[in-house]
C-alpha cells in the first residue's frame, strides 16, 4: 500500500534537497531547466520533487496535492489544478518579462492575475463525470508603461 500524506508527517510543501540525476549538461547550461520526480500516494494524493535551475543555481521544492471528497480524495492538500494555474501564470509572467527585457522595457510592480474557471458534473466514482473549462481571463498591470504598450507585450507573451 502506498503511503499517505498524513503518514509521511511532513509539511505539504517545503524547500527540499534533490537526490536525483539532473543531467550535467543541463546544470551547466545557460537556459533554465526543470526536472520532476513524482509518485502517487494513497487515494488521489500525489507527491512531487520539482528541481529547477539556470546557470548553475538550482532549487528543489517538495509539493503535494489531493482532490476533494467528490473525487475520492481527502482534501488535505491543494488540488492539482491549483498548481496547473500557478504554472500557467508563472510561465506567462516569465515570457512577458523576457520580451520586455529584449525590447529594453522596464516593468515595475508587474502584477499578473489569471482567473481560471473549471466545471464538473456527475460522479467520478460512478464513471459519469464530465469536466470542462471556461476560457482563462488574464489581467496584467505594471507601473511606468502605457496601457497600449503593456497590452502589446502581453499579447506577444501568450503566443
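The values are calculated or read from the model by the stated rules, or taken from the named source; none is laboratory data. Just so we're clear, the structure is a prediction, and the values are computed from it rather than from any experiment. No Cβ is skipped: glycine too gets one built from the backbone with ideal geometry, and neighbour counts run over all protein chains shown.
Structure summary
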| quantity | calculated |
| --- | --- |
| Among the candidates 100, 124, residue that is at negative phi, at pLDDT below 90 and in contact with a helix residue (DSSP H, G or I) (Cβ under 8 Å, 6 or more places away or on another chain) | 124 |
| Output for the range 123-157, where each listed residue is surrounded by fewer than 12 Cβ atoms within 10 Å (Cβ to Cβ) and assigned to a loop (DSSP other than H, G, I, E, B) | 125, 126, 127, 128, 134, 135, 144, 146 |
| Any hit, the range 93-106, residues being in a strand (DSSP E or B), under 27 Å from residue 83 (Cβ atoms) and touching a residue at least 40 places away in the same chain (Cβ under 8 Å) | no |
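Residues checked against (1) crowded, with 16+ Cβ neighbours inside 10 Å; (2) within 24 Å of residue 10 (Cβ to Cβ):
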position	(1), (2)
41	yes, yes
46	yes, yes
70	no, no
84	no, yes
111	no, no
